[in-house]
Amino acid sequence: MVKILVKEYIENYLGVPYLFGGQTPFGFDCSGLIVEAFRAIGLLDNKFDTTAQGLYAIFSGIHRGMGMHDGELGALVFFGKNKTNIEHVGFCINALYMYEAGGGNSSVTDTDTAKNKNAFVRMRPIKSRGDLVSIILPFY
């Protein structure tokens, strides 16, 4: 199953520093992690690059709709102020937890700052953030 491959790919990078704009094994931001995992499995073109808002725009149009209470392996979890202001994305591993590159912001541009802010690729409860906008399960 493709979503299991994406999950396993992300697991290889648990503990990698969060770096704003990053999408390499040296550091990821939230969308960079998802884009890189999807690229590696062949779900996105190698030239593809986008923000969390861009991922939302793409997958909100081609998904199996899910309610806010739902979540399952492979769903993308979007956070922000509303559907036109998505600021963060994570990858569901089940209804309670997600993988994310998090803990940072645009000021985290090097590994020392990431360490000081405790910003890295990690597993985190979905409800640890209060700004959940949408959960989307892409077609795999």
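The table for this structure:
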item	result
Positions within the range 121-140 being in a strand (DSSP E or B) and either within 15 Å of Glu87 (Cα to Cα) or touching a residue at least 60 places away in the same chain (Cβ under 8 Å) (or both), in sequence order	Val121, Arg122, Met123, Leu132, Val133, Ser134, Ile135, Ile136, Leu137, Pro138
Selection from the range 25-50 of residues that are more than 15 Å from Phe91 (Cα to Cα) and surrounded by 23 or more Cβ atoms within 10 Å (Cβ to Cβ)	Gly27
Check on Tyr9, among the hydroxyl-bearing types (Ser, Thr, Tyr), in a strand (DSSP E or B) and buried (at least 16 other Cβ atoms within 10 Å of the Cβ)	no
The range 2-26: number of residues that are at negative phi and of a type in the set (Gly, Ala, Ser)	1
Check on Val89, of a type in the set (Val, Ile, Thr), assigned to a strand (DSSP E or B) and either surrounded by 13 or more Cβ atoms within 10 Å (Cβ to Cβ) or modelled with pLDDT under 95 (or both)	yes
Test: residue in the range 102-120 that is assigned to a strand (DSSP E or B) and either more than 15 Å from Thr51 (Cα to Cα) or without any contact (Cβ under 8 Å) to a residue 12 or more places away in the chain (or both)	yes
Test set (1) over 18 Å from Phe28 (Cβ atoms); (2) in contact (Cβ under 8 Å) with a residue 12 or more places away in the chain - Leu76 fails condition number	(1)
Set Gly22, Gly54: member being buried (at least 22 other Cβ atoms within 10 Å of the Cβ), at pLDDT 90 or above and either over 18 Å from Tyr140 (Cα atoms) or among the charged types (D, E, K, R) (or both)	Gly22
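The values are calculated or read from the model by the stated rules, or taken from the named source; none is laboratory data. Since we're looking at a predicted model, the values are computed, not measured. Virtual Cβ from ideal backbone geometry, glycine too; neighbours counted across all protein chains shown.
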